[in-house]
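S.K.: Supplied in structure tokens, the structure appears directly below.
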Amino acid sequence: MTDLTLWLMLFFFIVILLTGAPIGAALGLSSAIVIYTTMNVPLVVVAQRMFTSIDSFSFMAVPFFMLAGSFMSSGGVTKRLVDFANALVGALAGGLALVVAVAGMFFAALSGSSAATTAAIGVAMIDEMEKRGYPKSFAAAVVATGGTVGIVIPPSVTMVVYGVIAGTSIGDLFMGGFAPGILMGGATCLVSWFIAKKKGYKGEGKASFARIVRTFKDCIWALLMPVIILGGIYGGIFTPTEASAVAAVYGAFIGLFIYRDLKWKDIPKVLLSAATSTTMIMYVVGAANLFGWILTNAQVPHRIAAGFSAMTDSPFVFLMLVNLLLLFIGCLLNASAAVVILTPILLPVALSLGIDPVFFGVLMVVNLAIGCITPPVGLDLFVVSSITKISIDKIMKDISPYLIALLAVLFIVTWIPDIILFLPRLLGGM
């Protein structure tokens, strides 16, 4: 394969992306065009590569985690989590903005998706914030930022994809995501508090221990789900894939029989929502694998590896270069696609420098989570834009301080790997 073919594929990818086509379509179509016009292989390889890339038992975790998140969001869980978060931090300055970040961390532990987290919290909170005097663009910015932890705090669909591609323990990745996810949520809270103090946004009511206890009891069944998932994985009771099925059944059980906000007539709608989300993710993974296969044939991974090796033999410098690359890629690709394409390219170099694959995987996900709020393909931005009917450029003005805070968290976890690796090592998974 010539360099001309590679540049041709990138050209078609950018052109198709600029037409407004979804990421999966841009990846798949640009790859198919190049295969058909310049490569001496039958076009059937498009379907073959896309199918074989998702033909893995571990990928069964994706639809089950999506189903668990759908059951939870339809079963009255979001309101209970928001009420609990409000009891914890609602009385502070900028209380509702803090509630968004805290509730986002709670819901991230149930959904596995940044878009699902953003949508659930956005529907519940944006109108309420506007009624209390917060500018709608500010509310949208807080919700979009709060949703980024959806793919960092476990269970995370993106971490499942990385674990399958890299052959790394998904359980260790899940545990490694807790600390950076909490740091990201904490940074969001801190920025919201400073802005609230500056602009005079007041808290809601008074803090009450009795209210905290009452709202905690009300959502305890939902908060037990990540405990069951991770406890079962580390207790050797079930694999991550089996844990996803348990999570789906558990989500249906508490929605139907504990909270009773989920009705039997809602089941088809919930199943369809989960199936639609899963189809989108798996199509993107398949198309990204096809795109990556062409890059591999063009020796791109070897060239990039050689380039990194020539630039530095310092693990930290390498990681900072990777951060810059991933932050740029995160502006163009969604997280799952970026993981499929870049993991085979970057992970071998990281391993050669002695970098732990669990740490590297979580760091990739943190980078790509930040990409959820960077245009032009920031998924969380599109979600809040559709909810608020506000243009993305107006939302970006309010997101800027949050983006700076998340970049600071990224630098900290890059500088101190034990932030990510502490829990996996403590639990004996590594």
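S.K.: Would you pick out the residues in the range 385-410 that are of a type in the set (A, V, I, L, M, F, W, C) and open to solvent by 30 Å² or more (accessible area, probe 1.4 Å)?
M.R.: Within the range 385-410, Ile387, Ile392, Met396, Leu403, Ile404, Leu407, Ala408 meet the criteria.
S.K.: Could you go through the range 242-263 and let me know if any residue there is under 25 Å from Leu96 (Cβ atoms), open to solvent by 20 Å² or more (accessible area, probe 1.4 Å) and of a type in the set (Ser, Thr, Tyr).
M.R.: Yes, the conditions are met somewhere in the range 242-263.
S.K.: Right, another one. Just the residues that are of a type in the set (Gly, Ala, Ser), open to solvent by less than 20 Å² (accessible area, probe 1.4 Å) and farther than 14 Å from Pro401 by Cβ, please, taken from the range 179-193.
M.R.: Gly181, Gly185
S.K.: Got a sec? Which helices (runs of 4 or more DSSP H) wholly within the range 27-93 have at least 2 residues that are of a type in the set (Gly, Ala, Ser), open to solvent by less than 30 Å² (accessible area, probe 1.4 Å) and closer than 21 Å to Ile153 by Cβ?
M.R.: 61-74, 77-89
S.K.: Examine the range 269-276 for a residue that is loosely packed, with under 14 Cβ neighbours inside 10 Å, assigned to a helix (DSSP H, G or I) and more than 22 Å from the chain's Cα centre (by Cα), and state whether such a residue exists.
M.R.: Taking every residue of the range 269-276 in turn, at least one turns out to be loosely packed, with under 14 Cβ neighbours inside 10 Å, assigned to a helix (DSSP H, G or I) and more than 22 Å from the chain's Cα centre (by Cα).
S.K.: On the given criteria, is Gly203 in contact (Cβ under 8 Å) with a residue 12 or more places away in the chain, open to solvent by 20 Å² or more (accessible area, probe 1.4 Å) and touching a helix residue (DSSP H, G or I) at 6+ places or on another chain (Cβ under 9 Å)?
M.R.: Against the criterion (in contact (Cβ under 8 Å) with a residue 12 or more places away in the chain, open to solvent by 20 Å² or more (accessible area, probe 1.4 Å) and touching a helix residue (DSSP H, G or I) at 6+ places or on another chain (Cβ under 9 Å)), Gly203 qualifies.
The values are calculated or read from the model by the stated rules, or taken from the named source; none is laboratory data. Because the structure is a prediction, the values reported are computed rather than measured. So basically every Cβ, Gly included, is an ideal-geometry build from the backbone, and we count neighbours across all protein chains shown. Just the protein is used for accessible areas: all its heavy atoms, side chains included, with ligands, DNA and RNA removed. Shrake-Rupley method; radii C 1.70, N 1.55, O 1.52, S 1.80 Å.
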